[in-house]
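The values are calculated or read from the model by the stated rules, or taken from the named source; none is laboratory data. Here the structure is a predicted model, which is why all the values come from computation and not from measurement. Positions of Cβ are backbone-derived with ideal geometry, glycine not excepted, and every protein chain shown enters the neighbour counts. To get the accessible areas, we keep the full protein, side chains included, count just its heavy atoms, and leave off ligands, DNA and RNA. Shrake-Rupley method; radii C 1.70, N 1.55, O 1.52, S 1.80 Å.
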Amino acid sequence: MRNNLASAMFAVSMWQRIGAVLAVAWLAASPAWGAAPGAPAPPFALADDAGTTVSLAALRGRVVYVDFWASWCTPCRLSFPWMGEMQRKYGAQGFTVVAVNVDKRKEDAARFLALTPGAFTIVYDPSGAVPAAYDVKGMPTSYLVDRRGTIVSVDTGFRDDAKAGLEARIRAVVEAR
């Protein structure tokens, strides 16, 4: 009996320790920036196709639509023409689309872009560090960042019926000087 009680107490204690270790690990792995509306947008500096580094810091003073996408993402194929339209429509007013590709292989992104070209800035993050900093949960996920570098809105997925609302938010942030 005494042996069973000691074993049970050890097992509970062990599970409590494991739970504490997992909780600490989860907190440590969570993004420090908390990429949510009202929070500062996590910084990034990523290369485009030409090897030029594009950084969020260099875009300070512009409204930036940071979009995370992947070659296997079906809604991304729908969002690319719309993002190009937004870039054309609001670019002269200080708006920039930066699409961050998360594919491990650049060839996968190249195949996607051959079928669905992007008329905006495209950068690559095969390591996944930037989407981790932004706490991206699905593809595509976009972050609207104001001129001061603060996240205004976060959207996961892309649907035709949401385009008008997205554009209204972009227009409002672009017009707010």
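If you roll a 1.4 angstrom probe over the protein chains with everything in place, what fraction of the accessible area of the range 40-177 belongs to carbon and sulfur, to the nearest %? It would help to have the intermediate numbers written out before the result.
Values: 3560 of 6430 Å².
Carbon-and-sulfur percentage of accessible area, whole number: 55.
Local charge sum around Gly165 (other residues, Cβ-Cβ under 12 Å, Lys/Arg +1, Asp/Glu -1)?
Numbers: positive: Arg159, Lys163, Arg169, Arg171; negative: Asp155, Asp160, Asp161, Glu167.
Around Gly165, the surrounding residues sum to 0.
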